[in-house]
1. Take the residues in the range 336-353 that are farther than 19 Å from Arg292 by Cβ and touching a residue at least 60 places away in the same chain (Cβ under 8 Å), then tell me which one is surrounded by the most Cβ atoms within 10 Å (Cβ to Cβ).
2. Filter the range 606-657 down to the residues that are closer than 30 Å to Leu123 by Cβ, part of a strand (DSSP E or B) and of a type in the set (A, V, I, L, M) and list them by number.
3. On the basis of being surrounded by 18 or more Cβ atoms within 10 Å (Cβ to Cβ), more than 27 Å from the chain's Cα centre (by Cα) and at pLDDT below 95, does Arg327 make the cut?
4. If the Cβ limit is 6 Å and pairs must be 6+ apart or interchain, which residue in the range 440-459 that is acidic (Asp, Glu) pairs with which residue that is assigned to a loop (DSSP other than H, G, I, E, B)?
5. Looking at (1) surrounded by 23 or more Cβ atoms within 10 Å (Cβ to Cβ); (2) of a type outside the set (A, V, I, L, M); (3) under 30 Å from Ile88 (Cα atoms), find the lone condition where Arg403 falls short.
6. Given Leu326, Leu266, which one is outside any loop (DSSP other than H, G, I, E, B) and either under 30 Å from Pro193 (Cβ atoms) or in contact with a Gly (Cβ under 7 Å, 6 or more places away or on another chain) (or both)?
7. Would you mind stating whether Glu608 is in contact with a Leu (Cβ under 9 Å, 6 or more places away or on another chain), in contact (Cβ under 8 Å) with a residue 60 or more places away in the chain and farther than 21 Å from Leu458 by Cα?
8. If Gly506 satisfies every condition in (1) modelled with pLDDT under 90; (2) within 30 Å of Asn642 (Cα to Cα); (3) among the small types (Gly, Ala, Ser) but one, which is the exception?
Amino acid sequence: MKKFIQSFLCIAMLSAVVAIEADSCCVDSCNVSCADSCGDCGNSCGNSCNVSCSDSCFTGTAGCNRCHSTPIYRSINDNLMRRDQLYINAGDSLYDNDCFKAILGLDFEYMRSFKSKKLARGLFGSNALVFSGSSATVRQAGTLIADNFGLSEFLPATALYFSPRVSNFIVDFRAHFALDNWVEGLYFTVNAPFAHAEWQLNPSATCGSSCGDCNNSCFDNCNVGCSTGCNGSLSSCCVTPTGVLNGTPFLCGYMATATPCTTAILPATSFQQALSGDYLFGDMQTPWQFGRFTFCKQSKNAVAGVDMLLGYNAWRCEDHHVGVYLRAVAPTGNKPNPRNVFSPVVGYGKHWELGAGMTAHWKMWNCDADQDLVAYADFNITHLFSNCQTRSFDFQGKGCLSRYMLLKSFNAAGNYVTGTGLINGINFATRNAQVSIAVKGEAMLELVYRHGGFRFGLGGDVWGMSHEKVCIRPGAACSTLDTTLNYGIKGCEGVAARSFNIVSVGGTATIFTEATPVALNSTASAATITSCSNRVVDNGVFLAASNTAGTTVALDYTSATPVLGVTTAAAVFDGGFVAPYVGALTSTPPVYVTVDDLDPKSAANPGEVSGSVFGTASYAWTDCDWTPVLGLGASGEFSGHNGTLNQWGIWVNGSVTF
């Protein structure tokens, strides 16, 4: 027996080492084609990554109330409430046996989350995203700057609410083999739970919970009243809402460098259009490669993991037993897909697991040979080994969702790239990272009343997982961005200054014609996702200005008409701020963002804990040689933490013993 256990430990540890070594195939500079398979040893990312993690690591804070770009929830692989019914229904002979015995089981369970506001707060820091433009007549503090998403800079505060939901349709294949003919008390168990997982954001508008609901798959913006175009059928869902947001074109030079005043640069007219990642405007000609908001339901089919137990019941008889087991989980689920927000994950993101557990039962009371009350307990704890994943990060100190701030592109000389120089920050902020979880555990206690073939149980379950450790790997972003360019925060600055040729100056009239705009090399590193920070320009330098005929003057993009005919600095109205200058400000030199500006906390899940209550009922045909059992159960899981699933589940299971 001792040699058998030692052999199993060696195999389990070797498997974990192989998994870790295999994951080293993940390269430090990934392209978009390998984002979903990063580290899978298929060499889709290459094999040159003998570089340790950077020092930019986050060790987590339990119960931290902040947003997280990549939610990881309790896996369907951890459910002692349902799984242990296989042993409970098998009866006492399982622990007083001296020959080979096998139990085959099949479970069907449906699980669904509730308390959607808490899930939304875990994703976004709130259950509503409130957008308002940088030049709105009244800009509400703390709201997301709409300009970054291609929405109008004049958009008044407008909210988009989310009610996220997680649903799992589960089929669990299980087998238990009592190996008492080899060593009394020895057993081996394998579980392989398959899930059809459905995750949906369920966005809705501010005009009412039912407006434009369309079976919770799409919404209406409702700025102009509820739409009548939705009839509630699935075929009408997932289309551009009929509600229209502010459509005022962007000011000249704000989003485009090429003849900005002859071609109107229009903002997105709906949230769905803006957040899809495909809306292009002005110099923003690169779609989002990650972090897209998919308003329709997303689904994933996968086996969460192959769960293997090798156990030994040291003290066993019909009235009680105490046993220990080793647990290893081979990951067969999927890693988080950074392409879409709230993308379904089956399992824990392909972490290998290794740990141990303990089981026990005790017959507390019996009236006769047909009635008794039995207590069952099960506890296990595992370590989740490190692997490489692709995750999106916010910028340090810029707030939740700052990964969506617009960035300017600059060449090696520090000059803005005209025509295509704007990108959304999500393409820069999505990186390879090493992710690990130190410990995860679950404990279950159930009291079962048995009368003949009937069994009725009531119990509780506690599950918990320590915080994630996320370590950003050095190297380029995982998108297809040009690595020869540098990137800086745009903030509320323009990309071009309006340029005017002064024809003549005289009296009170000045004659001028508009010329080719001048690219602005300005950055605004003090800006955040919710604030223009008074439009402070990094290393600001005025562009040359003049009021002499035959010369050219460059003005800030917010100037509707040039301020000429003066010889000293004039007050130029600048989108709500009055700045004492005639010319436009540029940066000499610009301030660039680097990987060190990314916040590992924003992609790391904090420690989680939840408690559950459950009830079971089953019937065993004990007079049959194969002892068929049919059972059902229901559970409710509760957590006080944002970002942890509150969910209920119902199941039916069956098993046979031979």
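The values are calculated or read from the model by the stated rules, or taken from the named source; none is laboratory data. Since the model is a prediction, treat every value here as computed from it, not as a measurement. Positions of Cβ are generated from backbone atoms using ideal geometry, with glycine treated the same way; all protein chains shown enter the neighbour counts.
1. Tyr348
2. Across the range 606-657, the qualifying residues are Val609, Val613, Ala634, Ile650.
3. Values: surrounded by 18 or more Cβ atoms within 10 Å (Cβ to Cβ): yes; more than 27 Å from the chain's Cα centre (by Cα): yes; at pLDDT below 95: no.
Criteria not met by Arg327.
4. That search, which allows pairs on different chains as well, returns Glu442/Asp78.
5. Single failed check for Arg403: (3).
6. Of the residues listed, the single one that is outside any loop (DSSP other than H, G, I, E, B) and either under 30 Å from Pro193 (Cβ atoms) or in contact with a Gly (Cβ under 7 Å, 6 or more places away or on another chain) (or both) is Leu326.
7. yes
8. (2)
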